[in-house]
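The values are calculated or read from the model by the stated rules, or taken from the named source; none is laboratory data. All of these numbers come straight from a predicted model, not from anything done at the bench. Neighbour counts are summed over all protein chains in view; Cβ atoms, including those assigned to glycine, are modelled from backbone coordinates with ideal geometry.
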Protein chains: 4
Amino acid sequence: MDRGRLEAFSDGVFAVAITLLVIGLAVPEPGHVSLGRQLASHWPSFAAYVVSFLAIGIIWVNHHNLVRNFARVDRAMLFLNLLLLFWVVTIPFATATVAAYLRAGGADASLAAVIYQVVFLGMSLAFGTLLWWSIRHKHLAVPLTGAAARTALIRFTIGNLAYAAAVGVAYLSAPVSLLMSGLIGAYYVYEQTPASRPAPAGGDQVNAEPGDADERGPTDGYPGA
Amino acid sequence: MDRGRLEAFSDGVFAVAITLLVIGLAVPEPGHVSLGRQLASHWPSFAAYVVSFLAIGIIWVNHHNLVRNFARVDRAMLFLNLLLLFWVVTIPFATATVAAYLRAGGADASLAAVIYQVVFLGMSLAFGTLLWWSIRHKHLAVPLTGAAARTALIRFTIGNLAYAAAVGVAYLSAPVSLLMSGLIGAYYVYEQTPASRPAPAGGDQVNAEPGDADERGPTDGYPGA
Amino acid sequence: MDRGRLEAFSDGVFAVAITLLVIGLAVPEPGHVSLGRQLASHWPSFAAYVVSFLAIGIIWVNHHNLVRNFARVDRAMLFLNLLLLFWVVTIPFATATVAAYLRAGGADASLAAVIYQVVFLGMSLAFGTLLWWSIRHKHLAVPLTGAAARTALIRFTIGNLAYAAAVGVAYLSAPVSLLMSGLIGAYYVYEQTPASRPAPAGGDQVNAEPGDADERGPTDGYPGA
Amino acid sequence: MDRGRLEAFSDGVFAVAITLLVIGLAVPEPGHVSLGRQLASHWPSFAAYVVSFLAIGIIWVNHHNLVRNFARVDRAMLFLNLLLLFWVVTIPFATATVAAYLRAGGADASLAAVIYQVVFLGMSLAFGTLLWWSIRHKHLAVPLTGAAARTALIRFTIGNLAYAAAVGVAYLSAPVSLLMSGLIGAYYVYEQTPASRPAPAGGDQVNAEPGDADERGPTDGYPGA
């Protein structure tokens, strides 16, 4: 079964990428300046580390939710997934760049923020295309019907538009654009990928696998509802 | 089944984090000072490497024991697990910082030790919250009953209090606080997470899965009993 | 079952190698030169990153297709697979070298390009040997018959010859040889390893596993046909 | 089942450790010295990379063979396995150190070689202890009987003695000790861990799992017999 190895490889890449973020946390060297002062002056590194860790974590959770509804994985989906991973792997670089330039201000800070947002926009587009492909070619275990599919794609499109807007905002103000990307991240903590959304009360379970009660326990109210 | 991928991703992060510790072992450069002298002057790096390797190893073993008793994994548990991994990934940074400043002494050494202890306290709190959530929402394959659950949570709380105390001690003496964290680590080598604790003689197996005799062989006396 | 762990270890190596590519993307330091100018002057790093990411991704997809047709894995195949991984792990080094020297031109650029091509030639030879061994010792779940085996090996040999030619071309022109390796990569996006090629219309499914319809859906027309 | 996650975590560590070796291959910087000259002067790095890659690869293959015969995994085995991984993770550091000092000669080269050999001796001792524990506590799926167990442990002891001798030789001559470790590696390519050794002709299959013909095909003659 293809899906298992797609997941294993993706999990490996997610795990390495999320851990590589820590390499951006340069360890201060003993010297003239006290440790506390050095750490304080590196606050953008720590803020960027936290934000990007959360971002990769959320992408992983949603990837997980989407992929486990795949009934089939074709060659195109392998390459679309690779494209998604390409952007994920680039996140540590974009994080380190924005951490290095955020305090500089001016054109350099804007450009660093633009790069950061473009990486997330690329990731979001690849993710949406993977979803769209799996719907269009009926590779989902529990197919999304016309209306549900439309809703799902619209939700993804909103994310893409938000990231695209953040690219534009980054030209004007790096910090505001980063705040935006934090908010988009928070949105995707609550918003689940369509494959795992619990059905509305009284409706059919869209993604019920036999015996799979993972998303339907009393905890389902968490976190948004 | 969600649990499999939660384990796969977590194992990947644990594996990368534990291996990244070695990057803190800077290879000496040939030059004026002999190799032996350079290595000797870097002893805190080696000590910190050993302690942190053991620490991540123990966390992995206990994570393993907890997760394999999960019957269900909900979205909150995925994010609580991410929070746990966040602190684990930060361990190589904290290790390198403490290794760089331990010999400096004074306020810098204390601050480095505080950072180290805070990372472990954060990890411990996330771990305890994950356990508490899985008990409270009845996601364990073999539920912990009232008394057993209380015992389990008390044991975890003890660990949290010990790490919190180590944070306080770190302000006074970095080496003493590190000794404490070594002892806490040793405690968790012996102390197992509740899900895998063998039942007391004559009692019921709390965590028996059918056909799973892993923890009940003649070796069970090892290492504490 | 051996195959599972062969896949798990290989996936781990692929995942780490593909993610390590990003370490070659040195983050510019704030200083006299603007961020935009610094990034522009590093364009070979970004180009090499994209090409090598795609290359490792394609190798992974084809590895995946070959290995899932293994019915048995013997000790020789474990070591042939290790040889393949050896070359894969070397790709980040070769990528960084070519990125550093491409703009220098002259003998250094040629040598860097030769190194890059030799790494891919070695990878290709190891891959071909693994395929040849699995055919010769009848370790495929669905054996390749005489004609199909010949076709499969000829296709692999073509790849090897192309990489060998790229080594020669690299002596003359580094950029042309890199263009060649891009084209070879594109060839292998379309060309699948024999184990997963759909049968010609009316023919037998060479690689049909019962219930495995992964490669035969309506998406099979993608991407080449 | 514990074994699966023990394998997954170990595979992750092996995969990261083997890939981190490549970080020791410093990419030459364009400058006064030609690329060819720089690479030539770094030959010990490349030699050490090849040897250590092979070494980790062989350890992985033998680990794989031992672990898949585990019927049970107890807590002690998890920690013995961690001890083995501790030494494996240290290999990239030892490799980089020996590569940096091999050409220096004298006491520094000897010390670097001693460190390298001690790491392999530690790995070998941990591996042997894991084997001994699994035999002694009857955790193997197909138990080793008295004579077979003795033979297996003697073979492992020989490896330990050889590594111990290499430590001694390293004090006298770094290159000779490295040649020794290459030969020990070659020995373990041929010598399999007991759990996977094919039975002598006419004897019982020591490690036959039902339906597992992995090691008994026509390729079994490879590579030693």
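Taking B:Ala104, is it modelled with pLDDT under 90, at the interface with chain A (Cβ under 7 Å from one of its Cβ atoms) and within 15 Å of B:Phe127 (Cβ to Cβ)?
Details: modelled with pLDDT under 90: yes; at the interface with chain A (Cβ under 7 Å from one of its Cβ atoms): yes; within 15 Å of B:Phe127 (Cβ to Cβ): no.
Spelling it out, it is not the case that B:Ala104 is modelled with pLDDT under 90, at the interface with chain A (Cβ under 7 Å from one of its Cβ atoms) and within 15 Å of B:Phe127 (Cβ to Cβ).
Has region C:24-40 got at least one residue that is at pLDDT 90 or above and of a type in the set (Gly, Ala, Ser)?
No, every residue in region C:24-40 fails to be at pLDDT 90 or above and of a type in the set (Gly, Ala, Ser).
List every residue pair whose Cβ atoms sit under 8 Å apart, with the two residues 6 or more apart in sequence or on different chains, where the first one lies in region C:103-132 and is within 17 Å of C:Ile59 (Cβ to Cβ) and the second, anywhere, is among the acidic types (Asp, Glu).
none
Does D:Leu25 qualify as being more than 13 Å from chain C (Cβ to nearest Cβ) and in contact with a Phe, Trp or Tyr (Cβ under 6 Å, 6 or more places away or on another chain)? I'd like the intermediate steps shown before the answer.
Working: more than 13 Å from chain C (Cβ to nearest Cβ): no; in contact with a Phe, Trp or Tyr (Cβ under 6 Å, 6 or more places away or on another chain): yes.
So D:Leu25 fails the test.
Anything in region A:57-70 that is at the interface with another protein chain (Cβ under 9 Å from one of its Cβ atoms) and either small (Gly, Ala, Ser) or closer than 13 Å to A:Leu131 by Cβ (or both)? List them, or say none.
Within region A:57-70, A:Gly57, A:Asn65, A:Val67 qualify.
Given (1) at pLDDT below 80; (2) polar (S, T, N, Q); (3) in a helix (DSSP H, G or I), where does B:Ser181 come up short, assuming only one miss?
For B:Ser181, the exception is condition (1).
Report, by residue number, each residue of region A:2-42 that is surrounded by fewer than 17 Cβ atoms within 10 Å (Cβ to Cβ), among the acidic types (Asp, Glu) and in contact (Cβ under 8 Å) with a residue 60 or more places away in the chain.
none
Do we find a residue being assigned to a helix (DSSP H, G or I) and facing another protein chain (nearest Cβ under 9 Å) anywhere in region A:147-157?
There is no residue in region A:147-157 that is assigned to a helix (DSSP H, G or I) and facing another protein chain (nearest Cβ under 9 Å).
Give just the number: which of (1) under 20 Å from A:Pro143 (Cα atoms); (2) more than 7 Å from every other protein chain (Cβ to nearest Cβ) does A:Asp74 not satisfy?
(2)
To keep it simple, each residue is scored yes or no on (1) within 20 Å of the chain's Cα centre (by Cα); (2) crowded, with 23+ Cβ neighbours inside 10 Å; (3) aliphatic (A, V, I, L, M).
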position	(1), (2), (3)
D:Val88	yes, yes, yes
D:Thr95	yes, yes, no
D:Val98	yes, yes, yes
D:Tyr101	no, yes, no
D:Ser110	no, no, no
D:Tyr116	yes, yes, no
D:Ala141	no, no, yes
D:Ala147	no, no, yes
D:Ile154	yes, no, yes
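Whether any residue in region A:31-50 is more than 7 Å from chain B (Cβ to nearest Cβ), under 16 Å from the mean Cα position of the chain (by Cα) and among the aliphatic types (A, V, I, L, M) is what I want to check.
Yes, region A:31-50 contains at least one residue that is more than 7 Å from chain B (Cβ to nearest Cβ), under 16 Å from the mean Cα position of the chain (by Cα) and among the aliphatic types (A, V, I, L, M).
If you take the residues of region B:114-142 that are part of a helix (DSSP H, G or I) and small (Gly, Ala, Ser), which of them is farthest from B:Ser173 (Cα to Cα)?
Looking at the filtered set, the residue picked out is B:Ser134.
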